Structure formats: C-alpha cells, structure tokens
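The values are calculated or read from the model by the stated rules, or taken from the named source; none is laboratory data. All figures in this text were calculated on a predicted structure; none of them were measured in a lab. Glycine gets a Cβ as well: all are built from the backbone with ideal geometry, and neighbour counts include every protein chain shown. The protein model used for the area step is the full one, side chains on, heavy atoms only, and it has no ligands, DNA or RNA in it. Shrake-Rupley method; radii C 1.70, N 1.55, O 1.52, S 1.80 Å.
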Amino acid sequence: MILVTGATGNVGRHVTSQLAEAGLEVRALVRDPGRARLPERVEVVRGDLTAPETLEPALKGVESVFLLWPAFTADHASEVVAAVAEHARRVVYLSANVPDGPPTHYHEIERLIRHSGLGWTFLRPGGFATNTLGWADQIRQGVVRWPYGQAARSLIHERDIAAVAVHVLTSAGHNGATYVLTGPEQLTQAEQVRVIGEAVGREARWEELPADVAREQLVAAWGDPGFVDSALKAWAGFVTAPEPVTDTVERLLGRPALTLGDWARDHASDFS
C-alpha cells in the first residue's frame, strides 16, 4: 500500500492516478473526501498533515509514503515524520531545489526524515511550469507586463515530477538518493510567454515592468512584502545565473522531459 499526501494537488493528483493506472494499491490522504474526485480504485481517507493526530487511519498497513508538505513552515513536521516512521518503511519527499541561504522548511523536513530511520528519496524540482498560470489573464489579453524578462529558468511539467515519484516508489535503487528535477530547456520569462502563446494559439508578447512598480503591484496583490521581495530577488538572480538544466527526468524515465510547450498544450483551456 502506498499513501499519497497532497493527493488532490497539481503533482499529487498525477501521482495518485499514475499509481492507480499501474494497478497498485493506493490510499489518498485528503482533508475532504467528498471533494477529492480521484479514480475509483483509490482508497480515500480523511486526514490532515497539520493535525498529526488524524493520520493513524491513513497510515495503517502502509509500506511507502509520498510526502508533499502543505505549509511554508515545518510546524508539526516532527510529529508527522515520527508517525510515518512508525508504520511505513520508506518515504519519497517532494522537497525543492532551493538556493543556498537561510534554512527553509524544506531543509528542516529533509533533516527530520534523514534521522527518522525511514528509507528515503528526496525529489528537488526547480521552477514549476504551473506557476506561469499567474500570467493567464495577461496572456489572454496579449501582453504580459512583468519584471525581469531575461530571467531564465528550466521549468518542469508537474506530470514529469509525478512520473519520477511513481518510478521511485515502484522500483529499487533509490534509497538515500536526492534528485534535482528540471525541464529540458532554459527559457527566459519573455521566451516563456512567447512559447505559451504559440502553444495555445494566442499571440502574446512581453512588456518589461520596472521592479519598483512590480513590487508595489505585487504587495497589493499578495499582501506579504517579505515574500514579494524574496520573489523579486530570485527573478533578478536568474538573469545573471540562469536555473540549470538537469537530465534526471530522462535518465530515470528513459524519455525526454516534457517541454513548456507540451505543458501549455496540456493546459490550453486555462488560457482560453
């Protein structure tokens, strides 16, 4: 039995459905089973990682866990990891390829897992292609006004992250491995807009927005000046130090990683 947390999210939904399609026993941990809309053969169990006392029914009889942490802090993570270690033998944790700097919740959860006695594999994806959905309204209007058009990233399709997770969960030789996952190409943000527009049949162009104007708009929209400043700093960094491309997806799956164009075609309805 494999337990999938975050089973209704962008990555977890694909992990759950791919495991089910392979005929494996899958249990999904969800907050609201009535709204899960998962494949029929998936066992859906109510629970919440931020409330560790709710996890016992979901963990009973489980051998492996796909762990996707739902918060930006590590609150309750020690209790959750301990509960997983009581029942399961291994965990595949969806971490992140975060830059060097102050410790994050990703680092803390990795540390807890390393010291838990569980067999583990860490998946560290870079930029998610799904984050470009934040431009959907502007792409529909034909112009994306955003800062740092020359910031280059190697965005990854969430379906590839899920496929790697399923491969690791269902095959040997990954214990103690850390996999950095990216898409197959480096594209600047301006190029990303062009590629998405071409893939979904909409002409879309980039218009550079000064960083100070962007900061004002993003603080008003997101409400967290610290998070906005962190995002702007990251984008600025990708101008001079583009996000690298790895061959991990192709090496593990035996096929090339999906491109941003592939992702956009899969999500064409989101831009219509």
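Stick to Cα atoms and the Kirkwood definition of Rh, then tell me Rg/Rh for region 11-150.
With Rg and the Kirkwood Rh in hand, the quotient comes to 1.03.
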Principal-axis tilt of helix 158-169 within the chain, Cα atoms, nearest 10 degrees: 20
The Cα extents of region 105-226 along the principal axes, largest first and rounded to whole Å, are 51, 34, 20
Let me know the whole percent of all Cα-Cα pairs from region 184-246 that are separated by more than 14 Å. 67
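Run through every distinct alpha carbon pair of the chain and return the Kirkwood hydrodynamic radius in angstroms, one decimal place.
Hydrodynamic radius (Kirkwood, Cα pairs) of the chain is 19.7 Å.
Give me the percent relative contact order of region 27-156, please, defined on Cα pairs under 8 angstrom at least 6 residues apart.
Contact order relative to length: 18 percent.
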Once the dipole of region 154-216 is set up with Lys and Arg at +1 and Asp and Glu at -1 on Cβ about the Cα centre, which of GLY176, ALA204, SER154 lies farthest towards its positive end? GLY176
Descending packing, highest mean Cβ count within 10 Å first, for 131-138, 187-194, 215-222 is 187-194, 131-138, 215-222
Per-residue counts of other Cβ atoms within 10 Å, averaged by peptide: what ranking do you get for 196-203, 58-65, highest first? 58-65, 196-203
So how do HIS76, HIS14 rank on accessible area, 1.4 Å probe, biggest first, that is with the largest at the start? HIS76, HIS14
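Add +1 for every Lys or Arg and -1 for every Asp or Glu among the other residues with Cβ under 13 Å from the Cβ of ARG41, and state the total.
Numbers: positive: ARG27; negative: GLU21, GLU25, GLU40, GLU43.
So the surrounding residues net to -3.
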So ASP266 and ALA172, fully extended at 0.36 nm per residue minus their Cα-Cα distance, gain in nm 30.8 nm
Normalised contact order of the chain, rounded percent, pairs of Cα under 8 Å and 6 or more residues apart: 17
Please determine, in degrees from 0 to 90 and to the nearest 10, the orientation of helix 189-200 with respect to the longest principal axis defined by the Cα atoms of the chain, where the helix direction is its Cα long axis. 80
Computed from the beta carbon distance with a Förster radius of 25 Å, FRET efficiency for ALA241 and ARG194 to the nearest 0.05 stands at 0.65
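Could you work out the local net charge near SER272, counting Lys and Arg as +1, Asp and Glu as -1, over the other residues with Cβ closer than 15 Å to its Cβ? Present the calculation step by step, with values, prior to reporting the outcome.
Working: positive: ARG140, ARG202, ARG265; negative: ASP137, GLU198, GLU203, ASP266, ASP270.
Charge balance in the 15 Å sphere: -2.
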